[in-house]
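First up is the structure itself, then whatever we jot down about it.
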Amino acid sequence: MFTHTHALQYEAKPDGPDPDFARKMQEILGGQWGEMTVATQYLLQGWNCRLPGKYKDMLLAIGTEELAHVEMIVTMIDRLLDHAPLKPDSADRSKEAAAGYGQHNPQHLIQNGAAASYMDSMGNPWTGAYVTASGNLLADFHYNATAEMQGRLQVARLYNMTDDPGVKDLLRFLITRDHMHQQQWLAACEELEADGLEAVPVPEAFPLEEEVGDLGYTFIDASDGPEAAAGRWAAGPSKDGRSEFRARPIEATADAPVLPPGDPRLYGTPQSETKNVIQKAKDLLT
């Protein structure tokens with residue numbers, strides 16, 4: 001059950017309108033790494049979680065907080081669109097004015113009535129395809145940490161694209177919460193392993209004896225870059241503590257594939273040496 005409080009978690013009030021920056025703000029609302037994605041992702045992971053207790057409760061708590069962030073960004077975009085011009089200023093025919101007007105998102109006015117919508121900064125609609133909820137908490141929590149890193153990166157970039165003190169204040173808040181949330185997911189990953197619920201490699205329950213040889217611990221060097229195998233990933237103890245990392249050049253271990261003729265009714269281009277075979281196949285099918 002959800003309830004709504006009209007008061008915002010943090011202030012979302014610009015010092016003045018700015019339709020151009022309203023468009024930029026759409027990226028952290030409806031882009032791949034925006035607040036719509038993380039809010040619905042964490043909630044879906046929580047609702048789907050079959051493990052009652054702290055992990056499920058934490059997912060639902062942070063997902064609900066992210067909904068509060070959706071509301072703050074929508075409010076900021078709406079306020080940035082106050083008094084948005086419906087057409088270029090007839091008194092200002094400079095190239096700068098025309099270029100500035102051209103940066104507005106016309107959907108803000110035409111489709112939404114000077115308001116935000118669930119789309120990115122280029123007008124592409126937000127999609128649930130951005131949401132990941134695999135049912136494996138360690139896999140999901142690592143992905144959630146990535147989402148917070150990408151989100152904080154984008155908000156930090158936006159921070160350097162505006163001089164509006166009110167906008168920068170909200171962005172500072174979002175940057176700060178993303179800082180906490182990155183740590184939260186990484187700490188949750190550590191706790192999952194400490195609780196013995198999951199470990200690397202994910203899924204831990206898949207039997208290692210089904211893996212192929214030593215390839216689970218071998219860095220395959222498929223580049224002519226001289227330092228591809230110079231890092232921690234190619235030497236020393238493996239991350240799962242079961243073996244040692246090693247490196248070796250890529251090599252072919254199977255024969256070159258030769259595919260049989262395809263179904264002639266699909267009209268693929270036949271191999272020259274198999275035309276007679278295809279003709280026979282046609283004869284059998286007719």
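Say we look at the range 245-284 and pick out the residues that are open to solvent by 100 Å² or more (accessible area, probe 1.4 Å) and either in contact with a Lys or Arg (Cβ under 8 Å, 6 or more places away or on another chain) or aliphatic (A, V, I, L, M) (or both); which of these is modelled with the highest pLDDT? So, considering only residues that are open to solvent by 100 Å² or more (accessible area, probe 1.4 Å) and either in contact with a Lys or Arg (Cβ under 8 Å, 6 or more places away or on another chain) or aliphatic (A, V, I, L, M) (or both), the one modelled with the highest pLDDT is Ile250.
When Glu191, Glu204 are screened for being open to solvent by 70 Å² or more (accessible area, probe 1.4 Å), in a helix (DSSP H, G or I), modelled with pLDDT of 95 or more and more than 23 Å from Met36 (Cβ to Cβ), only Glu191 passes.
Pull up the range 61-77, narrow it to residues that are open to solvent by 50 Å² or more (accessible area, probe 1.4 Å) and over 16 Å from Phe173 (Cβ atoms), then point me to the one that is farthest from the chain's Cα centre (by Cα). Only one residue fits best here, namely Ala61. Quick check: anything in the range 61-74 under 22 Å from Gln103 (Cβ atoms) and β-branched (Val, Ile, Thr)? Yes, some residue in the range 61-74 is under 22 Å from Gln103 (Cβ atoms) and β-branched (Val, Ile, Thr). Restricted to the range 109-145, and to residues there that are in a helix (DSSP H, G or I) and at pLDDT below 95, the residue that is most open to solvent (accessible area, probe 1.4 Å) is Ile110.
Taking into account only those residues within the range 207-244 that are of a type in the set (A, V, I, L, M) and part of a loop (DSSP other than H, G, I, E, B), which is surrounded by the most Cβ atoms within 10 Å (Cβ to Cβ)? Looking at the filtered set, the residue picked out is Ala229. In the range 248-271, the residues that are more than 30 Å from Thr218 (Cα to Cα) reach residues that are surrounded by 10 or more Cβ atoms within 10 Å (Cβ to Cβ) and hydroxyl-bearing (Ser, Thr, Tyr) with C-beta atoms within less than 7 angstrom, at least six apart or across chains, in these pairs: Pro261/Thr274. Within the range 200-237, being in contact with a Lys or Arg (Cβ under 8 Å, 6 or more places away or on another chain), within 12 Å of Pro249 (Cβ to Cβ) and of a type in the set (Ser, Thr, Tyr) holds for one residue alone: Thr218. What pairs can you find where one residue is in the range 76-102 and at pLDDT 85 or above, the other is loosely packed, with under 10 Cβ neighbours inside 10 Å, and their Cβ atoms are less than 6 Å apart, with a gap of 6+ or different chains? Correct list of pairs: empty, since none qualify. Residues that are on the phi > 0 side of the Ramachandran plot and not charged (D, E, K, R) number at least 2 in none of the helices (runs of 4 or more DSSP H) confined to the range 1-82. Whenever a residue of the range 24-50 is aromatic (Phe, Trp, Tyr), it has no partner that is modelled with pLDDT under 95 and surrounded by fewer than 24 Cβ atoms within 10 Å (Cβ to Cβ) lying with C-beta atoms less than 8 angstrom away and at least six residues away or across chains.
The values are calculated or read from the model by the stated rules, or taken from the named source; none is laboratory data. This is a predicted model, so every value here is computed, not measured. Here the Cβ is made from the backbone with ideal geometry for all residues, glycine too, and neighbour counts use every protein chain on show. Areas reflect the complete protein model, heavy atoms only, side chains present, ligands, DNA and RNA absent. Shrake-Rupley method; radii C 1.70, N 1.55, O 1.52, S 1.80 Å.
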